[in-house]
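Enquirer: Next up is a structure, given as structure tokens.
The values are calculated or read from the model by the stated rules, or taken from the named source; none is laboratory data. For clarity, every value in this text was computed on a predicted model and none was experimentally measured. Note: ideal-geometry Cβ built from the backbone for every residue, glycine included; neighbour counts use all protein chains shown.
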Amino acid sequence: MDCASVREQLEAYIDGDLDDALATTLTGHLRRCGGCAEEHRAAIALPAHLAALRGPVGPDLVASVMSRVRAGRLAGQVSAALLTLEAILACLALVQLGVDGLFAAAAASLQDGASLFGGSAAGPAPGDLALVLTLLALVTVTAIHLGLVGATTSRRDTA
Ligand SMILES: [Zn+2]
């Protein structure tokens, strides 16, 4: 058996998953081959090192690390998207406030003009409803965002 095959089988060998004949062949190779023996020692020592580093390590270590990385990255992406949405909504609100201000000014001047003829023409500015909806959306998105940040933080705390 050559070194490449030995190293391919090393994990199964350590786990005791190989049949006896193959395991005997590997044992023989490990006695003769310093390189593979070193690889074998490192592979056996690695879980112990990891366990010493932090708590018990399951066989799904990589999976759990990857899922944590992925969850963190996803939360980051969602967080960034929500932040963008908040910025857009805030800009919309500002623009509408500006438009609203213009409408108010226009309404005021109309009222001034109308009052010359004894009428009172000004109703609620048309921008009001849109502004209220925008602010509502902004508050909702911000609430979701804060909830997400809170959930992410507490998840990290418990992990
Ligand atoms: Zn070898």
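Enquirer: So, of the residues in the stretch 21-37 that are more than 11 Å from MET1 (Cβ to Cβ) and either at pLDDT below 95 or surrounded by 14 or more Cβ atoms within 10 Å (Cβ to Cβ) (or both), which turns out to be farthest from the ligand (Cβ to nearest atom)?
Expert: This residue is ALA23.
Enquirer: Another one. Quick check on the stretch 78-97. Is at least one of its residues in contact with an Asp or Glu (Cβ under 9 Å, 6 or more places away or on another chain), part of a helix (DSSP H, G or I) and modelled with pLDDT of 75 or more?
Expert: no
Enquirer: To continue, here is another question. Scan the stretch 10-20 for residues that are within 17 Å of ARG41 (Cα to Cα) and more than 11 Å from the ligand (Cβ to nearest atom) and jot them down.
Expert: Result: GLU11, ALA12, TYR13, ILE14, ASP15, GLY16.
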